[in-house]
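A.B. asks: Shown below is the structure under consideration.
The values are calculated or read from the model by the stated rules, or taken from the named source; none is laboratory data. On a predicted model such as this, the values are computed, not experimentally measured, just so you know. Neighbour counts are summed over all protein chains in view; Cβ atoms, including those assigned to glycine, are modelled from backbone coordinates with ideal geometry. Protein only, heavy atoms only, side chains kept; ligands, DNA and RNA dropped before computing areas. Shrake-Rupley method; radii C 1.70, N 1.55, O 1.52, S 1.80 Å.
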Amino acid sequence: MIRILLLLCLAAGAAALPQPSLAQSLGGERAYAPEDLRQLRVPDRIRVLEKEYREQSNGRSLPDDQLEFYLDQIESGWTFSRIKSDMARSLAGGNGNRPPGGGWGPPGDWQAHSVICSSVRDRYAQCATPFRGRAKLVENLSKTRCIENQNWGSRKGMVWVDNGCRGRFSEGRGWGPEGGYNVTCSSTNGRYTTCAWNASYGEPRLQQRLSNSACDEGRDWGYRRGQLWVDNGCRARFGVR
């Protein structure tokens with residue numbers, strides 16, 4: 001009788017043990033995923049797709065544009081099996097979507113509405129966007145927090161990332177009052193403050209003063225080494241010269 005009770009207790013204890021999460025299962029040999037990937041949150045979808053691609057390609061990284069394509073197809077009803085088959089065909093060069101020079105290319109009838117851009121090994125990267133307006137961050141895909149004008153930004157037809165930011169970007173609101181890249185920088189309580197500026201645009205100029213302070217260049221604001229600085233209560237929007 002005691003032996004039977006002991007076995008029942010062991011069985012109950014095993015049943016109470018927490019089941020491995022999706023993130024834990026992805027650390028194993030194969031990635032578990034349901035056929036309908038819409039059951040998963042977007043970050044988990046991405047982890048499943050990237051792990052499957054690494055397994056099929058002997059460790060290569062899934063290209064951002066191909067990942068974006070699969071995320072769209074998940075929303076349209078593609079199953080995990082269909083995506084795995086498409087990956088295999090793309091790696092074998094048999095999916096009919098190879099651009100000149102090789103590699104993966106999207107089907108001619110597919111139009112992306114967002115773009116994934118990755119700062120690999122904390123390096124600066126630029127990605128073409130399928131829209132011309134200002135970009136907005138819709139999903140932060142990296143452990144690094146993506147902050148506009150610090151480690152990501154955009155201009156017409158392009159988004160840039162840096163310092164480990166990886167995000168998914170779609171079209172946001174329009175550009176500043178004079179168009180193009182712009183940054184707002186504020187000297188709070190009259191204190192000296194710096195704001196990141198993407199040096200690829202050239203040097204900034206004051207577009208619009210947003211404070212009662214004069215914002216005189218050289219005294220209340222200036223630029224050096226990829227950074228705007230403001231002081232003495234200056235708050236202003238800065239754009240491209």
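A.B. asks: How much accessible surface does Asp72 have with a 1.4 Å probe, in Å² rounded to 10?
C.D. replies: 40
A.B. asks: Hey, if we sort Lys143, Lys136 by accessible area with the 1.4 Å probe, largest down, what's the order?
C.D. replies: From most accessible down to least: Lys143, Lys136.
A.B. asks: At a Cα cut-off below 30 Å, give the lysines reachable from Lys51, other chains included and same-chain residues fewer than 8 away excluded.
C.D. replies: Answer for Lys51, where 30 Å is the Cα cut-off: Lys84, Lys136, Lys143, listed by chain and number.
A.B. asks: Where Lys and Arg each count +1 and Asp and Glu each count -1, what net charge lies around Val42 among other residues with Cβ under 11 Å from its Cβ?
C.D. replies: So the surrounding residues net to +2.
A.B. asks: Find out how many positive minus negative residues lie around Trp110, taking Lys and Arg as positive, Asp and Glu as negative, among other residues whose Cβ is under 11 Å from that of Trp110.
C.D. replies: Residues close to Trp110 contribute a combined charge of -4.
A.B. asks: In the neighborhood of Ala236, defined by Cβ-to-Cβ distances under 9 Å, what is the net charge if each Lys or Arg adds +1 and each Asp or Glu adds -1?
C.D. replies: Residues close to Ala236 contribute a combined charge of +2.
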